[in-house]
Amino acid sequence: MELITGAYEPKEAESNIYEKWEQSGYFNPDKLPGERNEKYIVYMPLPNVTGTLHMGHALDNTLQDIVIRYHRMKGYKTLWFPGTDHAGIATQYVVEKELKKRGINRFELGREKFIEKIWEWKNKYGNTIIEQLKKLGVSCDWSRIRFTMDEKYAKDVQNAFVHYHEKGFLYRGKRVVNWCPRCGTSLSELELEYKDEKSKLWYIKYNFKDQNSKIKSVTVATTRPETMLGDTAVAVHPKDDRYKNMIGKTLILPIMHREIPIVADDAIDMEFGTGAVKVTPAHDMVDFEMGERHKLEVIQVIDERGKMNENAGIYNEMKAEEAREKIVERLKGEKLLEKEESYDHRVAVCYRCGHVIEPVPSLQWFLRMEELAKNALDAVKSKKVKIIPNNFEKKYFDWLENIRDWTISRQIWWGHQIPVYFCKNKLESISNENKEEYVVSLERPGTCPFCKKCEMEQSPDVLDTWFSSALWPFAGLSESDLKNYYPGTTLITARDILNLWVARMIYSGIEFKKELPFTNVFIHGTILTKDGKRMSKSLGTGIDPLKYIDQYGADATRFGIVWQASGQDIRWDETAIIAGKKFANKLWNASRFVLANASPNGISINQLNPHISASTDADKKILRALEKTKESIERDIKNFEFSRPLHTAYDFFWHEFCDIYLEISKKQLSVPNGKDENLSENTKAILIHVLLSSLKIFHPFIPFITEEIYSRIPLENKKECLMIEEW
RNA sequence: GGGCACAUAGCUCAGUGGUAGAGCGUCUCGUUUACACCGAGAAGGUCCAAGGUUCAAUCCCUUGUGUGCCCACCA
């Protein structure tokens with residue numbers, strides 16, 4: 001046992017300590033010492049395999065680590081499940097870009113080879129974020145790490161699909177989906193981003209078929225004239241006096257010369273434009289729904305590459321933007337363009353590549369949400385799952401109460417391919433919703449039940465990434481882990497994935513395991529830049545936590561983050577890390593003092609307490625303050641308060657212990673010539689006791705330095721490490 | 001348009017129905033046998049505005065202003 005000398009060097013100490021922890025095996029609940037009856041289980045929000053540590057991860061994982069370390073020291077059987085997400089679109093995008101640099105195109109490569117490349121990439125870089133998390137000091141059980149495309153995990157995903165199918169929750173349908181022509185996939189509403197765009201509003205005249213009445217035409221306003229080729233109606237509000245008597249009449253669609261009706265629909269805003277709207281069911285969500293209400297034909301004129309198709313007549317194969325210009329020109333020529341106004345609006349863009357979204361009708365798989373959403377709703381309404389703070393419940397309820405069926409299929413290559421098989425001789429059934437000639441099965445079917453001779457072909461579609469992450473609390477677990485470690489206790493995450501992910505885990509747990517996956521959902525704030533902007537790598541506003549870990553140590557970094565994590569969003573203030581660094585130094589030096597003046601050499605840890613009998617006012621005061629501090633911190637951690645207990649502990653240690661008691665102890669220790677030996681001995685015991693207690697208090701927050709100091713206290717019968725000391 | 005937050009020291013933020021707090025920064029003093037990454041002390045605040053409830057409001061209520069975020073719509 002070496003006493004503390006010199007300064008604390010986080011860099012050297014941290015990697016050694018982490019190694020020691022890993023070797024101890026105590027991250028694994030099955031290897032924890034002592035009898036532990038109560039469990040405490042946390043599911044790590046899955047970082048993407050392509051991810052690198054950012055401040056959000058640092059906050060999220062530090063809070064989880066605090067909760068886990070605290071409960072471990074409190075004698076719980078603690079398990080923190082780690083994992084990584086295959087992150088369909090994100091990963092495919094990253095690897096595709098990587099290959100492009102080397103002049104390789106994924107379409108030339110082919111699906112199978114491309115997926116191989118992604119696996120190669122994953123095996124090479126997929127562990128980056130894990131290594132970075134280790135630097136932060138997280139105490140998750142790495143022996144249980146899972147990847148959402150692991151064999152067993154994938155099997156559970158396939159099972160879930162088959163289960164939903166057998167239950168009648170799955171159906172195929174043509175829907176206008178948000179299509180990214182660049183990524184070649186449909187995107188969910190949650191994956192869209194919006195961008196302001198300077199555009200124009202074109203006012204186009206649609207003539208009446210009957211040119212004998214006084215009014216010859218109706219003018220509609222549109223931002224997308226090229227979609228007019230697929231118009232199948234014009235809609236007005238039923239109460240709009242300007243158009244009331246025109247409802248039901250027939251117009252001639254310019255250019256295409258097709259007859260289309262005027263319909264009445266409540267969705268129309270009378271104030272906007274002319275109050276008359278062109279309806280293009282194939283290329284607009286709202287129009288699609290209107291089309292269903294009025295039984296309108298769906299005519300697709302733009303294809304999945306963003307080009308006009310054969311239904312667009314002479315514009316066939318033209319890019320949509322080009323067709324727009326040509327059509328506007330032509331309308332001008334035919335005197336059907338009444339006017340154009342400049343108009344700024346927001347367009348939906350792909351969250352990955354930023355390409356403008358093209359709504360196109362497409363055959364997709366849908367999951368019926370009614371019953372699932374109701375289950376998720378009930379779980380929180382009945383308080384079986386607590387959302388903390390509870391003002392986030394409203395957001396959760398709103399989403400679930402207005403939920404639409406979930407489009408779970410994606411047209412990308414990287415992901416869980418759906419267990420659906422088509423007859424090779426009737427491949428048109430892949431794209432024809434009326435032909436239900438497919439088999440849903442875990443195994444590839446032997447002979448085709450339709451043609452009786454072909455080997456069937458698996459659907460090229462893959463599942464939405466969230467379909468697999470929704471199963472995270474239990475997918476891929478071994479039989480015994482399922483029995484012992486499901487359900488869990490707590491989930492700690494940011495608010496942006498409350499619905500995307502948390503709600504889906506809740507109903508998946510009920511659906512597949514008949515038990516809620518966890519009882520607490522703690523939502524923490526978001527880390528913003530100092531001027532309140534979003535931290536984003538692409539905007540260059542992000543900050544790399546590894547920079548701080550490197551410069552000031554993981555403890556100081558964690559300290560700085562938690563110091564500010566009061567529940568509100570955090571405008572990042574670097575000076576908190578300086579405070580953390582200073583505190584680490586204070587802790588180190590105070591420990592040096594205590595060990596130099598009150599070394600408990602030869603004393604067993606169990607003998608320590610009896611030595612403590614407060615004789616002076618200062619003794620009494622510090623011991624009382626210690627108890628109060630501990631109580632207050634316990635209360636806070638139970639309530640998922642993190643910043644407050646750190647401040648409490650800081651104030652206690654720095655001011656009450658160091659500034660006051662340590663100074664007084666100098667006098668109490670130096671009683672002349674054994675005049676009052678008891679006072680001196682008591683003081684020593686108190687110093688050691690308070691130091692040891694403080695190390696325990698601080699350990700969940702700043703685990704490295706506390707562990708390092710603990711290892712240097714020459715007490716007999718110490719635990720193997722502070723991590724498993726009793727809090 | 002609807003909802004949820006927030007507005008307190010120079011900066012980032014805690015906090016309480018009754019003398020306003022921390023970190024960082026600033027200033028003064030201090031080489032006291034852990035620590036200058038320190039100690040002692042100081043300066044610095046109409047607690048966004050207006051109105052209301054109250055013996056008493058920074059805190060509770062109403063309205064307004066400003067900021068951030070979420071949801072819907074944007075033809």
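Checked against (1) of a type outside the set (Phe, Trp, Tyr); (2) more than 10 Å from RNA strand B (Cβ to nearest atom); (3) loosely packed, with under 15 Cβ neighbours inside 10 Å, A:Asp619 passes all but a single condition, namely (3). Only residues that are touching an Asp or Glu at 6+ places or on another chain (Cβ under 7 Å), aliphatic (A, V, I, L, M) and either more than 8 Å from RNA strand B (Cβ to nearest atom) or modelled with pLDDT under 90 (or both): list them for the stretch A:572-604, please. Answer for the stretch A:572-604, where residues must be touching an Asp or Glu at 6+ places or on another chain (Cβ under 7 Å), aliphatic (A, V, I, L, M) and either more than 8 Å from RNA strand B (Cβ to nearest atom) or modelled with pLDDT under 90 (or both): just A:Ile603. Just one residue in the set A:Asp30, A:Asp60 is within 30 Å of the chain's Cα centre (by Cα) and closer than 26 Å to A:Trp121 by Cβ; that residue is A:Asp60. The set of residues in the stretch A:121-135 that are assigned to a helix (DSSP H, G or I) and under 19 Å from the mean Cα position of the chain (by Cα) comprises A:Thr128, A:Ile129, A:Ile130, A:Gln132, A:Leu133. Taken together, the residues in the stretch A:233-260 that are farther than 15 Å from A:Ser217 by Cβ, in a strand (DSSP E or B) and more than 14 Å from RNA strand B (Cβ to nearest atom) amount to 1. Taking (1) without any contact (Cβ under 8 Å) to a residue 40 or more places away in the chain; (2) in contact with an Asp or Glu (Cβ under 9 Å, 6 or more places away or on another chain) in turn, A:Gly25 satisfies each apart from (2).
Could you please let me know if A:Ala625 is away from RNA strand B (no atom under 12 Å from the Cβ), modelled with pLDDT under 95 and in contact with a His (Cβ under 6 Å, 6 or more places away or on another chain)? For A:Ala625, the condition - away from RNA strand B (no atom under 12 Å from the Cβ), modelled with pLDDT under 95 and in contact with a His (Cβ under 6 Å, 6 or more places away or on another chain) - is not met. Scanning the stretch A:532-560 for residues that are outside any loop (DSSP other than H, G, I, E, B), within 12 Å of RNA strand B (Cβ to nearest atom), modelled with pLDDT under 95 and of a type in the set (D, E, K, R) turns up just one, A:Arg534. Screening A:Lys435 against (1) in a helix (DSSP H, G or I); (2) farther than 21 Å from A:Ala160 by Cβ; (3) among the charged types (D, E, K, R) leaves a single unmet condition, (1). For the stretch A:495-531, a tally of residues being within 26 Å of A:Pro29 (Cβ to Cβ) and in a strand (DSSP E or B) returns 5.
Residues of the stretch A:366-416 being part of a helix (DSSP H, G or I), buried (at least 16 other Cβ atoms within 10 Å of the Cβ) and among the polar types (S, T, N, Q), which ones? Scanning the stretch A:366-416 gives a single hit, A:Asn375. Of the residues examined, A:Tyr153 is not one that is over 22 Å from the mean Cα position of the chain (by Cα) and at pLDDT 90 or above. Within the stretch A:93-108, if we keep just the residues that are in contact with a helix residue (DSSP H, G or I) (Cβ under 7 Å, 6 or more places away or on another chain) and of a type outside the set (Asp, Glu), the residue that is surrounded by the fewest Cβ atoms within 10 Å (Cβ to Cβ) turns out to be A:Leu99. Scanning the stretch A:174-197 for residues that are in a strand (DSSP E or B), among the basic types (Lys, Arg) and either modelled with pLDDT under 75 or more than 13 Å from RNA strand B (Cβ to nearest atom) (or both) yields A:Lys174, A:Arg175.
Residue by residue, here is whether (1) within 14 Å of RNA strand B (Cβ to nearest atom); (2) buried (at least 16 other Cβ atoms within 10 Å of the Cβ); (3) in contact (Cβ under 8 Å) with a residue 12 or more places away in the chain; (4) within 24 Å of A:Met246 (Cβ to Cβ) holds:
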site: A:Ala267; (1), (2), (3), (4): yes, no, yes, yes
site: A:Ile302; (1), (2), (3), (4): no, yes, yes, no
site: A:Lys307; (1), (2), (3), (4): no, yes, yes, no
site: A:Glu310; (1), (2), (3), (4): no, no, no, no
site: A:Glu317; (1), (2), (3), (4): no, no, no, no
site: A:Glu322; (1), (2), (3), (4): no, no, no, no
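Quick grid of which residues meet (1) of a type in the set (Asp, Glu); (2) closer than 20 Å to A:Arg175 by Cα; (3) out of contact with any strand residue (DSSP E or B) (no Cβ under 8 Å at 6 or more places or on another chain):
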position	(1), (2), (3)
A:Asp266	yes, no, yes
A:Thr274	no, no, no
A:Glu289	yes, yes, yes
A:Glu292	yes, yes, yes
A:Leu296	no, yes, no
A:Ile299	no, yes, yes
A:Arg305	no, yes, yes
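Residue pairs whose Cβ atoms lie under 7 Å apart, sitting 6 or more positions apart in sequence or on different chains, and linking a residue in the stretch A:413-433 that is closer than 18 Å to A:Cys454 by Cβ to a partner that is outside any strand (DSSP E or B) and among the aromatic types (Phe, Trp, Tyr), are A:Pro419/A:Phe161; A:Cys423/A:Phe450; A:Lys426/A:Phe450.
Of the residues that make up the stretch A:658-665, is at least one under 25 Å from A:Gly602 (Cβ atoms), over 42 Å from the mean Cα position of the chain (by Cα) and of a type outside the set (Gly, Ala, Ser)? Yes. So which residues in the stretch A:286-307 are of a type in the set (A, V, I, L, M) and in contact with a helix residue (DSSP H, G or I) (Cβ under 9 Å, 6 or more places away or on another chain), if there are any at all? The answer is A:Leu296, A:Val298, A:Ile299, A:Val301, A:Ile302. With respect to the conditions (1) polar (S, T, N, Q); (2) farther than 25 Å from A:Glu720 by Cα; (3) surrounded by fewer than 16 Cβ atoms within 10 Å (Cβ to Cβ), A:Ser665 falls short on a single one, namely (3). Give the residue that is nearest to RNA strand B (Cβ to nearest atom), with candidates limited to residues of the stretch A:198-227 that are basic (Lys, Arg) and assigned to a loop (DSSP other than H, G, I, E, B). By that ranking, first place goes to A:Arg224.
Quick one: is A:Val277 touching a residue at least 24 places away in the same chain (Cβ under 8 Å), within 14 Å of RNA strand B (Cβ to nearest atom), closer than 26 Å to A:Val347 by Cα and of a type in the set (Val, Ile, Thr)? Criteria met by A:Val277. The set of residues from the stretch A:331-356 being assigned to a loop (DSSP other than H, G, I, E, B), at pLDDT 85 or above and buried (at least 16 other Cβ atoms within 10 Å of the Cβ) comprises just one member, A:Leu336.
Restricting the search to the stretch A:512-558, which residues are of a type in the set (Gly, Ala, Ser) and within 24 Å of A:Pro703 (Cβ to Cβ)? Hits for the stretch A:512-558 are A:Gly525, A:Gly553, A:Ala554, A:Ala556. Apart from one condition, A:Lys167 fits all of (1) over 22 Å from the mean Cα position of the chain (by Cα); (2) free of Cβ contacts under 8 Å to residues at least 24 places away in the same chain; (3) farther than 30 Å from A:Phe288 by Cα; the exception is (3).
Go through (1) in contact with a Cys (Cβ under 8 Å, 6 or more places away or on another chain); (2) within 16 Å of RNA strand B (Cβ to nearest atom) one by one and return the number of the condition A:Arg352 breaks. Exception for A:Arg352: condition (2). Filtering A:Lys452, A:Lys483 for residues that are charged (D, E, K, R) and either under 30 Å from A:Val67 (Cβ atoms) or surrounded by 16 or more Cβ atoms within 10 Å (Cβ to Cβ) (or both) leaves a single hit, A:Lys483.
The values are calculated or read from the model by the stated rules, or taken from the named source; none is laboratory data. Just so it is clear, the model here is predicted, and its values are computed rather than measured. Neighbour counts run over all protein chains shown; Cβ positions are idealised from the backbone, glycine included.
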